[in-house]
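I have placed the structure first, in the form of structure tokens, so that the comments after it can refer back to it.
The values are calculated or read from the model by the stated rules, or taken from the named source; none is laboratory data. Note that this is a predicted model, so its numbers are computed, not measured. Using ideal geometry, Cβ is built from the backbone for each residue, glycine included, and neighbour counts are taken over all protein chains shown. All accessible areas refer to the heavy atoms of the entire protein, side chains included, with ligands and DNA or RNA removed. Shrake-Rupley method; radii C 1.70, N 1.55, O 1.52, S 1.80 Å.
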Amino acid sequence: MAESTPSTTLAQRWSALGLLHDRIDAHVGRELEKKHELSVREFSLLEVLSRQHNGDGGHLQMAQVADAVALSQSATTRLVSRLEDRGLLERYLCPTDRRGIYTDVTAAGKTLLKQARPTNSRALREALQEASDEAELAPFVRAVRESGR
């Protein structure tokens with residue numbers, strides 16, 4: 001067996017973390033799609049945008065939204081367009097900077113998000129429980145669970 005070096009161990013841990021993320025993302029995605037016709041990214045975008053407010057600094061510009069959901073600006077714009085076409089989001093120009101475009105969750109989007117949150121939480125718990133049985137993933141599952149305390 002090859003000797004493990006610190007860089008190999010680090011790479012293995014990084015790989016395990018990626019595997020955990022991918023498994024959780026896939027499980028949660030299947031549940032959201034089946035029950036609410038939402039992808040994980042769509043749910044995440046609605047979640048981020050639902051926390052905006054109308055006061056100073058309360059709305060996110062598209063670049064900030066892209067950062068918050070870890071997508072490129074062009075991918076975020078496409079995602080916003082899809083949700084807008086479904087009547088879940090609406091876009092409008094920033095009143096103080098005509099170059100800025102803001103996005104708000106519509107009433108229908110808020111209703112769908114409220115319905116989808118329990119599904120997201122349940123699926124996340126299920127995926128973490130399943131992963132906790134695997135030795136290479138268990139430390140990351142513990143870290144995720146403990147970070148919420």
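So, restricting to helices (runs of 4 or more DSSP H) that lie completely within the range 70-149, which ones have at least 3 residues that are modelled with pLDDT of 90 or more and within 16 Å of the chain's Cα centre (by Cα)?
73-85, 107-132
Looking at the range 7-28, is at least one residue free of Cβ contacts under 8 Å to residues at least 12 places away in the same chain, basic (Lys, Arg) and within 28 Å of Pro118 (Cα to Cα)?
no
Can Ala26 be described as under 17 Å from the mean Cα position of the chain (by Cα), at pLDDT below 90 and open to solvent by less than 90 Å² (accessible area, probe 1.4 Å)?
Taking the combined requirement at face value, the residue does not satisfy it.
Residue under question is Ser74, and the condition is that it be open to solvent by less than 60 Å² (accessible area, probe 1.4 Å) and of a type outside the set (Asp, Glu); does it hold?
no
Do we have Leu46 as open to solvent by less than 60 Å² (accessible area, probe 1.4 Å), part of a helix (DSSP H, G or I), on the phi < 0 side of the Ramachandran plot and not acidic (Asp, Glu) here?
So Leu46 passes the test.
For residues that are surrounded by 15 or more Cβ atoms within 10 Å (Cβ to Cβ) and in contact with a Gly (Cβ under 9 Å, 6 or more places away or on another chain), tally how many sit in the range 93-134.
3
Only residues that are touching a residue at least 40 places away in the same chain (Cβ under 8 Å) and more than 15 Å from Glu47 (Cα to Cα): list them for the range 63-101, please.
Taking the range 63-101 as the starting set, the residues that turn out to be touching a residue at least 40 places away in the same chain (Cβ under 8 Å) are 82-83, 88-89, 101.
Across the range 63-101, the qualifying residues are Arg82, Ile101.
Considering only residues of the range 49-63 that are part of a helix (DSSP H, G or I) and open to solvent by 30 Å² or more (accessible area, probe 1.4 Å), which is modelled with the lowest pLDDT?
Restricting to residues being part of a helix (DSSP H, G or I) and open to solvent by 30 Å² or more (accessible area, probe 1.4 Å), the top hit is Ala63.
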